[in-house]
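Please read the structure below before turning to the comments.
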């Protein structure tokens, strides 16, 4: 499942090292602390769950709804993915791994400067904007968002920021982006992305990130040349 609700999960890509003048950062760090991606054999069940969630909302979906989408018995669904709550957790694990796999691919294939970071931020924000289940939850299951964020927001920020911090630190060491506290910048970017996923800006996404993020990441020498 990517932007289309029932689309198949992208295969998890092999991590590749991110090369800098200062050495190599293993992009596999992006996956540390994440739940494992569900087995591919579960994809049909998770796609059916996603379809059900997009149609009815999470709060109004049931295991029989998922079974109906697949054309199997509810006992089969219970045996393979468990309850609706379990299906939500498995879908979340699959989506997080999909997002970070794509981010790893994009960041490991070239030198990471402000433009490349913004490219990834735009892609993630667009992915969330076009995500059928997420948008249904925001429209129809808004009452779930508050409790979810109350219980999980800090963990989400921590997981995301810890994943990208090594890449930001390496880019700073190579003077590709401005030298700042990489932990603080990673934390800020994670919070910014989560808030945009819940409430996108009214302006075009790339313009937003160019105005808000680029000045923070632009190396100081280059920033001075641009101003003059």
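Quick note: the coordinates plus some simple rules give every number you see, no bench work behind them. Owing to the predicted nature of the structure, the values given are computational and were not obtained by experimental measurement. Note that each Cβ is placed from the backbone with ideal geometry, even for glycine, and that neighbours are counted across all protein chains shown.
Annotations for the structure displayed:
- nm² value of the averaged projected area, convex hull over the Cα atoms of region 72-228: 11.2
- Mean projected area of the convex hull spanned by the Cα atoms of region 37-91, taken over all viewing directions: 3.1 nm².
- Arranged from fewest to most other beta-carbon atoms within 10 Å of their beta carbon, 208, 153, 53 become 153, 208, 53.
- A convex hull fitted around the alpha carbon atoms of region 78-146 yields 102 Å³ per residue.
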